[in-house]
Amino acid sequence: MAKANTPFQSLNISVLTVSDTRTIAEDTSGDALIELLTKAGHTLSERKIVKDDVYQMRAEVSQWIANPDTQVVLITGGTGFYSRDSTPEAMTPLFDKTIEGFGELFRHISYHEIGTSTIQSRAVAGLANDTLIFCLPGSTGACKTAWNGILEEQLNASHRPCNFVGLLTKSSSAHQ
């Protein structure tokens, strides 16, 4: 656990957008996450878009979690209830530990913004090979809600009483 006077540490964060239709030019959710993470002082490692396919998602994220310089993966899209939405199914087998409270807290915060529609969100998170993975809905508003309401503080080493930064043991140029 970080001490109260622990300084901010920039993390290397990769952003994956899951979509069958979006391109980088149309990816407002990915754009929002990148803007928020860089404004907070973190570094964008990589950005990609993959189709909503379990194996394409796993392949991309597996490369990132195997990379010692990637500490966090933010995934936007594929967490809904439609038949093509498969991000939770793709990611949960990779988790060494599931962060149960992330989805619960996200839906609680989201409820105050969109009401009972939040029940259809299957936002999940976990730790895989010392890499944090957060699976967010595909809407730009939901990405902002997750960042502003949870991730900004939990990815900040100085946040008290606890945060996820102290759990990351991967070596990184961001820590040097």
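Amide H neighbours of ASN129 under 5 Å, at least 5 residues apart or on other chains, H built in the peptide plane: list them.
Placed amide hydrogens put ASP96 under 5 Å from ASN129.
Counting every Cα pair in the chain, what percent are over 18 Å apart?
Looking at the chain, the distances longer than 18 Å represent 58 percent of pairs.
According to a simple spin-label model (label point 7 Å from Cα along Cα-to-Cβ), what is the distance in nm between GLN120 and HIS159?
So the label points at HIS159 and GLN120 sit 2.8 nm apart.
Using amide H atoms built in the peptide plane, which far-off residues or other-chain residues are under 5 Å from VAL124 H to H?
CYS135
For the range 12-175, please report how many Lys pairs fall under 26 Å Cα to Cα, leaving out neighbours fewer than 8 apart on the same chain.
Value for the range 12-175: 10.
Provide the per-residue ³J(HN,Hα) series for the range 121-131, in order, calculated from phi with Karplus coefficients 6.51, -1.76, 1.60 and θ = phi - 60°, each as a whole number of Hz, with x at glycine and proline positions.
7, 10, 4, 9, 8, x, 10, 9, 6, 6, 10
What list of ³J(HN,Hα) couplings, whole Hz, do you get for the range 110-115 from phi and the Karplus terms 6.51, -1.76, 1.60, once you set θ to phi - 60° and write x for glycine and proline?
5, 4, 6, 9, 10, x
What length, rounded to one decimal in nm, is gained on full extension from ASP69 through to ASN5, with 0.36 nm per residue of separation minus their alpha-carbon distance?
The ASP69-ASN5 span can extend by a further 20.6 nm.
Efficiency by 1/(1 + (r/R0)^6): what FRET value for ALA59 and TYR111, r their Cβ-Cβ distance, R0 = 35 Å, to the nearest 0.05?
So, using R0 = 35 Å, E works out to roughly 0.55.
What is the chain's relative contact order, in percent, from Cα pairs under 8 angstrom and six or more apart in sequence?
30
Got a sec to turn the phi values of the range 157-165 into Karplus ³J(HN,Hα) couplings, 6.51 cos²θ - 1.76 cosθ + 1.60 with θ = phi - 60°, whole Hz, x for Gly and Pro?
Those phi angles translate into 4, 8, 5, 10, x, 8, 7, 8, 4 Hz.
Could you pull out every residue, at least 5 positions away or on a different chain, whose amide H is within less than 5 Å of the one on ASN156? Hs are placed 1.01 Å off N in the peptide plane, and Pro or chain starts have none.
Result for ASN156 returns PHE164, VAL165.
Just add up the charged neighbours of ALA40: K/R +1, D/E -1, any other residue whose Cβ is under 12 Å from the Cβ of ALA40.
Surrounding charge for ALA40 is -2.
None of the figures in this text is laboratory data; all of them are computed from the coordinates on show. Bear in mind that the values here come from a model prediction, so they are computed numbers and not experimental data. Methodologically, a virtual Cβ is constructed for each residue, glycine included, from the backbone with ideal geometry; neighbour enumeration extends over all protein chains shown.
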